[in-house]
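S.K.: This structure is in structure tokens; I'll ask about it shortly.
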Amino acid sequence: MSWLASMFGFRLVRRERASLMMTALAPVVALVAATILNLALYLIMGKNPVGVFYAMLLEPFLSWYGFSEVLLKMGPLLLVAQGLAIGFRAKIFNIGAEGQFILGAIFASAIPVMYPEATGVWIWPAMLLLGAVGGALWASITAFWRARLNANEILVSLMLSLVAAQLLNYLLLGPWKDPAGFNFPQTVMFQYDAMLPILFEGTRVNISLLFGLFFSVLAFIFMQRSFQGYKLEVGGLAPAAARYAGFSESRTIWLSLLIGGLAAGFAGAAEVAGPIGQLQRSISTGYGYAGIIVAYLGGLHPIGIVFASFVMAVLYIGGDNAMVSADLPIAAVRVFQGSILLCYLIAFTFVRYRLEWVDQLKRGEA
Amino acid sequence: MNAIEFVLAGMLAAATPFLLAALGELVAERTGVLNLGVEGMMALGAAIGFIVVYNGGGHFAGFIAAGISAAMLSLLFAFVAIGLQANQVAAGLAIGILGQGLSALFGKSYESLTIRGIPKIEIPGLSDLPLVGGLFTQDIVVWLSLLATLGVWFVFARTKTGLILRAAGENPKATHSIGYPIILIRVCAVALGGAMAGFAGAYASTVYTPLWADGMIAGRGWIAIALVVFGTWLTGRIFLGACLFGAVSLAGLAAQTTGVELPSQLLASLPYLVTIIVLGIISSNRRLLKLNGVASLGEPYKP
């Protein structure tokens, strides 16, 4: 870090151990910094930053319905991010959750699309199960490519997401198109029994939030308490040590991707069987990519991810508000998401390192 | 014009966005930095380039502005990933999302507008040849990117600068110990890679299909990263790979015009499917990757 010393007169020194407080503080600092940066950007764009701030970050808390929408968004984000974080800790970078989410939605929709008249309490549970299988199957392609063919999982999983989007288009414009749907690219509306039970009357919050929280508990137990989770983590931190200890790399790859695909597919199924009620193009508003940010912002820790998914859900709902009331393009949410992750990575540097001022006289040696 | 002529004539132009972005990524990766933000840098370049050309700045200024803006985005990546030694994968993804968001934000009021492209230059004699004549009728950017390909090959294969760049990626510690500034070398390589991605984006939005639409880069930045792996970090193979992708994206169009009954979604996903398949074939040859790969790719350098 001699460039820091010569330019600014300080250097970074690795901490012997990171404090828990700083680890927890880093995402908060990142959030504040990203907020300030983005408000400045809106100011430059000629928008009223106070209005945007109000619509984006306060309005979601001002009415029960607004807040319930936040809880609704939190479900899929929680599922996707928890699944991805397990892989990220093992250094398996599955960034194709978007595609796995779409496949989950497609698999789940097969039941109501093919049996639109079917009734029975088994329908939505079967859809969720099928969705999880669909997501896991899509992820297993990436797992095979990585484990057997040694191909980079980042590129393969991303390409598969782009293919999944085309597959969705194909189904919606072709075989699965609602014949009575005025040519809109969407399927029939699902029957009553294909819909998830609502959690709070008068809102759209359904039980997928509970599944998300339950999955978070499972992820916590798996990563913090189980031997398999420990093996995954060692594989990520010290691959050589993991190999020496006989931990199988290919098992890590399969497990990471299958868990990630399962969770994303489940989330996709819960989205079509929940707030949307049919298969359509906009089933995922970038949950797969937002999940990556949530996973990092939560420090790749199951508990941190619960908080991070809440923050991201606020941003989604607030972004919608800002689009309506402050005339802000929806792309602003993507900019916010990207800058939060960057700010977090910068803030996290100071969890690992501390600043040390270099003595003017000694600077030559630095 | 038959299908073969059609593909031959359009292949190089279709390959150019892939080629420019992949060459830039190659330079960065050779010095040891994996920048996954190419898609976002290309998108930003495409938006800025289009805006400048639309407002009457001309294509030259459009390319320069696109290159500078994407290079600035890549410097942000360099600050986080190289300067602060953050996780390169996460930093690259963040830059990718940020770039795509910024491009949509800036390009919002230009949605679906079109501009005029640039004329193609004919080479007397060669352009009149039957069948392959179209291959020699290209716009100036195509010719320049072929020059750039040669230039990158020459620098890495024949010059001391190339040797130092490669050393920074192979063994940064040893390179630093004989007096070369690793951080500076890597930051410059990343900035160059960013500028190239910006040019690639500007070519896509102001020359190849002279219109702006959100999401128009459509995974080309990611394919460019894959191309570097396909080419096993060798310039000539990356060029061939880019041509393959140019041809694949045209083959889809050609198939449609010849009346082959295929769903358009299948044709649209052809480049992605080919990427997945080729990636599997090349990567399964571990020896090949190890032989040409960059030893310290993706690892932050800690002085």
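S.K.: Using unit Cβ charges (K, R positive; D, E negative) and no other charged atoms, how large, in debye to the nearest 20, is the dipole of segment A:31-120 about its Cα centre? Walk me through the intermediate numbers first.
M.R.: Details: 4 positive and 4 negative charges, 74 e Å.
Roughly 360 debye for segment A:31-120.
S.K.: DSSP loop trypsin sites (Lys or Arg not before Pro) in segment A:260-363 with at most 10 other Cβ atoms within 10 Å of their Cβ, which ones? Intermediate results must be reported in sequence, preceding the final value.
M.R.: Details: sites: A:Arg281, A:Arg334, A:Arg352, A:Arg354, A:Lys362, A:Arg363; in loops: A:Lys362.
Sparse-neighbourhood loop trypsin sites (Lys or Arg not before Pro): A:Lys362.
S.K.: In percent, how large is the relative contact order of chain A, given Cα pairs closer than 8 Å and 6 or more residues apart?
M.R.: Working: 642 pairs, mean separation 133.1, N = 366.
Once divided by the residue count of chain A, the mean separation gives 36 percent.
S.K.: Provide the descending list of Cα extents for chain B along its principal axes, expressed in whole angstroms.
M.R.: 60, 44, 40
S.K.: Would you check the accessible area of A:Asp193, probe 1.4 Å, heavy atoms only, in square angstrom rounded to 10?
M.R.: Per-residue accessible area (A:Asp193): approximately 40 Å².
S.K.: Provide a whole-number value for the mean count of partner chain Cβ atoms within 10 Å of the Cβ atoms in peptide B:268-281. Display every interim value, and only then the final one.
M.R.: On the way: counts 6, 10, 2, 3, 10, 5, 1, 8, 13, 4, 1, 8, 9, 2.
What the average comes to for B:268-281 is 6.
S.K.: What does the charge count around B:Gln100 come to, taking other residues whose C-beta lies under 11 Å from its C-beta (Lys +1, Arg +1, Asp -1, Glu -1)? Mind dumping the intermediate values first?
M.R.: Values: positive: A:Arg334; negative: B:Glu39, B:Asp214.
Local net charge: -1.
S.K.: What quantity of accessible surface, computed with a 1.4 Å probe and excluding non-protein components, is buried in total between chains A and B, in Å² to the nearest 100? Display every interim value, and only then the final one.
M.R.: Values: alone 18060 and 14000 Å², together 28040 Å².
Buried area between the two chains comes out at roughly 4000 Å².
S.K.: Could you give the longest part of chain B that holds none of the GluC sites (Glu not before Pro) found in DSSP loops with at most 12 neighbouring Cβ atoms within 10 Å?
M.R.: Working: sites that count: B:Glu111, B:Glu261.
Longest site-free region, per DSSP loop and neighbour criteria: B:112-260.
S.K.: For chain A, modelled as a GNM with alpha-carbon contacts under 10 angstrom, which of A:Val80, A:Val13, A:Val52 fluctuates the most?
M.R.: Greatest mean-square fluctuation among the candidates belongs to A:Val13.
S.K.: I would also like to ask the following. Placing +1 at every Lys and Arg Cβ and -1 at every Asp and Glu Cβ, with all other atoms neutral, what dipole size does the protein assembly as shown have around its Cα centre, in debye to the nearest 20?
M.R.: Here the protein assembly as shown has a charge dipole of around 2200 debye.
S.K.: With +1 assigned to the C-beta of every Lys and Arg and -1 to the C-beta of every Asp and Glu, and no other charges, what is the dipole magnitude of segment A:47-206 about the Cα centre in debye, to the nearest 20?
M.R.: Details: 8 positive and 8 negative charges, 123 e Å.
With only Lys, Arg, Asp and Glu charged at Cβ, the dipole is about 600 debye.
S.K.: Further, regarding this structure: With θ set to phi - 60°, apply the Karplus curve 6.51 cos²θ - 1.76 cosθ + 1.60 along segment B:171-181 and write out the HN-Hα couplings as whole Hz, x wherever there is a Gly or Pro.
M.R.: Whole-Hz 3J(HN,Hα) from phi for segment B:171-181: 9, x, 4, 5, 5, 5, 5, 9, x, 9, x.
S.K.: Between the alpha-carbon centers of segment B:164-206 and segment B:68-136, tell me the distance in whole angstrom.
M.R.: 17 Å
S.K.: Tally up the carbon and sulfur contribution to the accessible surface of the protein assembly as shown as a whole percent, 1.4 Å probe, everything protein left in place. Provide the component values of the computation, followed by the final result.
M.R.: Values: 19210 of 28040 Å².
Exposed carbon and sulfur together represent 69 percent of the surface.
S.K.: Quick one: which of A:Lys73/B:Lys108; A:Lys73/A:Lys231; A:Lys47/A:Lys73; A:Lys91/A:Lys231 span more than 23 angstrom between C-alpha atoms? Write down the numbers at each step before the final one.
M.R.: On the way: A:Lys73/B:Lys108 25 Å; A:Lys73/A:Lys231 32 Å; A:Lys47/A:Lys73 26 Å; A:Lys91/A:Lys231 12 Å.
Those over the limit are A:Lys73/B:Lys108; A:Lys73/A:Lys231; A:Lys47/A:Lys73.
S.K.: When the accessible area of each residue in segment B:71-87 is compared between its chain alone and the complete protein assembly (1.4 Å probe; ligands, DNA and RNA ignored), which residues differ by at least 10 Å², being lower in the assembly?
M.R.: The answer is B:Leu76, B:Phe79, B:Val80, B:Gly83, B:Leu84, B:Gln85, B:Ala86, B:Asn87 - residues whose exposure falls by at least 10 Å² when every protein chain is included.
S.K.: How far is it, in nm, from the label point at B:Arg158 to the one at A:Val13 when both lie 7 Å from their Cα along the line to the Cβ?
M.R.: Using points 7 Å along Cα→Cβ, the separation is 5.0 nm.
S.K.: Additional query: Tell me, what is the per residue accessible area of segment A:138-225 in Å², probe radius 1.4 Å?
M.R.: On the way: 4240 Å² over 88 residues.
Counting only protein heavy atoms, the per-residue value for segment A:138-225 is 48 Å².
S.K.: Can you give me the distance in nm between label points at A:Phe184 and A:Leu25, each placed 7 Å from the Cα along the Cα-to-Cβ direction?
M.R.: About 5.0 nm separates the two model spin labels.
S.K.: Would you kindly work out the equivalent ellipsoid of chain A from its C-alpha gyration tensor and give its semi-axes, the square roots of five times the eigenvalues, largest first in whole Å?
M.R.: Values: eigenvalues 282, 151, 63 Å².
Value: 38, 27, 18 Å, ordered largest first.
S.K.: Right, something else. Scan chain B and note any complete DSSP helix (H) whose C-alpha atoms cover at least 27 Å along its axis and whose Kyte-Doolittle average is 0.5 or more. Please list the in-between numbers first.
M.R.: On the way: long enough: B:3-30 (37 Å, 1.41); B:58-78 (30 Å, 1.69); B:88-107 (28 Å, 1.43); B:182-203 (31 Å, 1.82); B:235-257 (33 Å, 1.27).
Going by DSSP H runs, the hits are B:3-30, B:58-78, B:88-107, B:182-203, B:235-257.
S.K.: Keeping every protein chain present and rolling a 1.4 Å probe, give me the accessible area per residue for segment A:8-137 in Å².
M.R.: On the way: 5850 Å² over 130 residues.
That works out to 45 Å² per residue.
S.K.: Follow-up question, since we're still on this one. So for the protein assembly as shown, Kirkwood radius off the Cα pairs, Stokes-Einstein at 20 °C and 1.002 mPa s: how many µm² s⁻¹?
M.R.: On the way: Rh = 25.9 Å.
Taking Rh from Cα pairs, D becomes 83 µm²/s.
S.K.: Suppose only helical runs count, i.e. DSSP H with n ≥ 4. What mean residue ellipticity at 222 nm does that imply for the protein assembly as shown under -39500 (n - 2.57) per run, divided by all residues and rounded to the nearest 500 deg cm²/dmol?
M.R.: Only helices count here, giving -22000 deg cm²/dmol.
S.K.: Whole number in Å², please: accessible area per residue of segment B:75-190, 1.4 Å probe, ligands, DNA and RNA not counted.
M.R.: Values: 5620 Å² over 116 residues.
For segment B:75-190, the solvent-accessible area averages 48 Å² per residue.
S.K.: If we count GluC sites (Glu not before Pro) as exposed when they sit in a DSSP loop and have at most 16 other beta carbons within 10 Å, what is the longest stretch of chain A that avoids them all? It would help to have the intermediate numbers written out before the result.
M.R.: Details: sites that count: A:Glu16, A:Glu117, A:Glu201.
Answer from the scan: A:202-366.
S.K.: For B:Glu122 paired with A:Ala40, estimate the spin-label separation in nm (one decimal), with each label point 7 Å from Cα along the Cα-to-Cβ line.
M.R.: 5.4 nm
S.K.: While we're on this one: Not counting ligands, DNA or RNA, and with a 1.4 Å probe, what is A:Trp145's accessible surface area in Å² rounded to the nearest 10?
M.R.: For A:Trp145, solvent-accessible area is about 50 Å².
S.K.: Binning at 5 Å from 0, report for segment A:216-271 what percent of all alpha-carbon pair distances ends up in each bin.
M.R.: Taking every Cα pair in segment A:216-271, the percentages come to 4, 19, 23, 24, 14, 9, 5, 2, 0.
S.K.: If a helix is a whole DSSP H run, which ones in chain A reach 20 Å or further along their own axis (Cα) and hold a mean Kyte-Doolittle hydropathy of at least 0.5? Write out the running numbers ahead of the final one.
M.R.: Values: long enough: A:20-44 (37 Å, 2.20); A:64-89 (36 Å, 0.97); A:97-114 (25 Å, 1.44); A:123-147 (35 Å, 1.30); A:153-173 (30 Å, 1.87); A:208-225 (24 Å, 1.76); A:249-271 (33 Å, 0.86); A:302-325 (34 Å, 1.51); A:331-352 (32 Å, 1.53).
Helices passing the filter in chain A: A:20-44, A:64-89, A:97-114, A:123-147, A:153-173, A:208-225, A:249-271, A:302-325, A:331-352.
S.K.: Given A:Ala55, A:Ile123, A:Ala219, which one lies farthest toward the positive end of the charge dipole of the protein assembly as shown, if we put +1 on the Cβ of every Lys and Arg and -1 on the Cβ of every Asp and Glu?
M.R.: A:Ala219
S.K.: If you build a Gaussian network model of chain A, linking Cα atoms that sit under 10 Å apart, which residue out of A:Ser226, A:Ser216, A:Ser208 swings the most?
M.R.: Largest GNM mean-square fluctuation: A:Ser226.
S.K.: Sticking with this structure for a sec: Taking the Cβ of B:Thr137 as the centre, find all other residues whose Cβ is under 11 Å away and add up their charges (Lys, Arg: +1; Asp, Glu: -1).
M.R.: Numbers: positive: B:Lys120; negative: B:Glu122, B:Asp128, B:Asp139.
For residues surrounding B:Thr137, the net value is -2.
The values are calculated or read from the model by the stated rules, or taken from the named source; none is laboratory data. It should be emphasised that the depicted structure is a prediction, and the values quoted were computed from it without experimental measurement. When we count neighbours, we look across all protein chains shown, and the Cβ atoms used for this are built from the backbone with ideal geometry, even at glycine. Only protein heavy atoms, including side chains, enter the accessible area calculation; ligands, DNA and RNA are left aside. Shrake-Rupley method; radii C 1.70, N 1.55, O 1.52, S 1.80 Å.
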